[in-house]
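First up is the structure itself, then whatever we jot down about it.
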Amino acid sequence: MSLRFGLIGNQINYSKSPLIHQVISKKLHFDISYELLNVDAEEIPELIDLLKEGYYHGFNVTTPYKERVIPYMDRLTHKANKIGAVNTIYYRNDEVVGDNTDYDGFIGLLETNHISVESKNVYILGTGGGAKAAYHALRDSSANVTVVTRNLTSNKHKFEHVIEYKDIDTKHVDIFVQATPIGTYPNTNVSILTKEEVAGKIVIDLVYNPKVTQIMKDSKKGYNGLHMLIIQAIKSEEIWFDQTIELTKELMKTLKEVIYDE
């Protein structure tokens, strides 16, 4: 029997998640379907009910619902509770559980690209679910983290050090983490910062489409969100199927081809 999974989000027709999960599950010899669930917020409870009934076997969650799904969870894992965002949902022991594998994905992005953040001044642009996962991953990796927001009032209590964009002093920045949707396909020629602001800086952009975003082009060295995307997907399947999945060079090559060549 085919197991049914899906990605909960809004305006997500661009997502490569169905292709990614088909490749990973094929490696595990599981028969699955994976749907893009473009829904309004009021439709989320119905999806949770379908999970409880066994119609769905698990969900991923993306923009703009990583925080909005939390009230519908029976339990959060320690990681999801600490981060305050959920990107992986499953039903176990009569409980709807919210977890977060974006954290693992961001750590994997740093490790795969050999990016050292210890004692570095890292500025995160954005305050959404992906930004929250990166924030905690960076703090756990001994970085000095500043979060940059357009709305200081609503975000200053969520992070230890928060500033507005006008207060960025680039002299103190070693690495920018771009965690907003700005620069995502099809609006690929825009950037949240000017070329002058990122010149000479390392930029980690959580966007993966396009492969090279405008802010990456303007930086000294840029890394996209590809590895974060792949690793968070693998970690989700590990949770759903209670199995360890080795990210081999062959699997990484296949996933890259699916993401960028399809």
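Of the residues making up region 141-181, those that are more than 23 Å from M216 (Cβ to Cβ) and polar (S, T, N, Q) number 5. Here the condition is being in contact (Cβ under 8 Å) with a residue 60 or more places away in the chain, of a type in the set (K, R) and farther than 29 Å from G126 by Cβ; of K16, K52, K27, K66, it holds for K27 alone.
Would region 208-217 turn up any residue that is touching a strand residue (DSSP E or B) at 6+ places or on another chain (Cβ under 7 Å) and of a type in the set (S, T, Y)? Yes, region 208-217 has at least one match.
Each row is one residue, and each column tells you yes or no for (1) free of Cβ contacts under 8 Å to residues at least 60 places away in the same chain; (2) under 30 Å from I12 (Cα atoms); (3) assigned by TED's automatic domain parsing to the domain that holds Q214; (4) surrounded by fewer than 18 Cβ atoms within 10 Å (Cβ to Cβ).
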{"residue": "N151", "(1), (2), (3), (4)": "yes, yes, yes, yes"}
{"residue": "D169", "(1), (2), (3), (4)": "yes, no, yes, yes"}
{"residue": "V173", "(1), (2), (3), (4)": "yes, no, yes, no"}
{"residue": "V177", "(1), (2), (3), (4)": "yes, yes, yes, no"}
{"residue": "G183", "(1), (2), (3), (4)": "yes, yes, yes, no"}
{"residue": "N189", "(1), (2), (3), (4)": "yes, yes, yes, yes"}
{"residue": "L193", "(1), (2), (3), (4)": "no, yes, yes, no"}
{"residue": "V198", "(1), (2), (3), (4)": "yes, yes, yes, no"}
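Quick grid of which residues meet (1) surrounded by fewer than 21 Cβ atoms within 10 Å (Cβ to Cβ); (2) touching a residue at least 24 places away in the same chain (Cβ under 8 Å); (3) closer than 16 Å to I204 by Cα; (4) assigned by TED's automatic domain parsing to the domain that holds I44:
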| residue | (1), (2), (3), (4) |
| --- | --- |
| L76 | yes, no, no, yes |
| A85 | no, yes, no, yes |
| T88 | no, yes, no, yes |
| I124 | no, yes, yes, no |
| G130 | no, yes, yes, no |
| L138 | no, yes, yes, no |
| N144 | yes, yes, yes, no |
| H157 | yes, no, no, no |
| E160 | yes, no, no, no |
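For (1) in contact with an Asp or Glu (Cβ under 6 Å, 6 or more places away or on another chain); (2) among the polar types (S, T, N, Q), each residue gets a yes or a no:
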{"position": "Y208", "(1), (2)": "no, no"}
{"position": "V212", "(1), (2)": "no, no"}
{"position": "I230", "(1), (2)": "no, no"}
{"position": "I245", "(1), (2)": "yes, no"}
{"position": "T248", "(1), (2)": "no, yes"}
{"position": "L251", "(1), (2)": "no, no"}
{"position": "T254", "(1), (2)": "no, yes"}
{"position": "E257", "(1), (2)": "no, no"}
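From (1) within 16 Å of F159 (Cβ to Cβ); (2) aliphatic (A, V, I, L, M); (3) not in a loop (DSSP other than H, G, I, E, B), pick out the condition that doesn't hold for A85. Among (1) within 16 Å of F159 (Cβ to Cβ); (2) aliphatic (A, V, I, L, M); (3) not in a loop (DSSP other than H, G, I, E, B), the lone unmet condition for A85 is (3).
How many residues does region 1-33 hold that are charged (D, E, K, R), surrounded by fewer than 15 Cβ atoms within 10 Å (Cβ to Cβ) and in a loop (DSSP other than H, G, I, E, B)?
Going through region 1-33 one residue at a time, the tally reaches 1.
For region 78-137, residues that are among the charged types (D, E, K, R), in contact with an Asp or Glu (Cβ under 7 Å, 6 or more places away or on another chain) and over 24 Å from I163 (Cα atoms) total 2.
Looking at region 206-224, which of its residues are closer than 15 Å to Y260 by Cα and either without any contact (Cβ under 8 Å) to a residue 40 or more places away in the chain or buried (at least 22 other Cβ atoms within 10 Å of the Cβ) (or both)? Of everything in region 206-224, those that are closer than 15 Å to Y260 by Cα and either without any contact (Cβ under 8 Å) to a residue 40 or more places away in the chain or buried (at least 22 other Cβ atoms within 10 Å of the Cβ) (or both) turn out to be V207, P210, V212, T213, N224.
The values are calculated or read from the model by the stated rules, or taken from the named source; none is laboratory data. All values derive from a computational prediction rather than experimental measurement. Neighbour counts run over all protein chains shown; Cβ positions are idealised from the backbone, glycine included.
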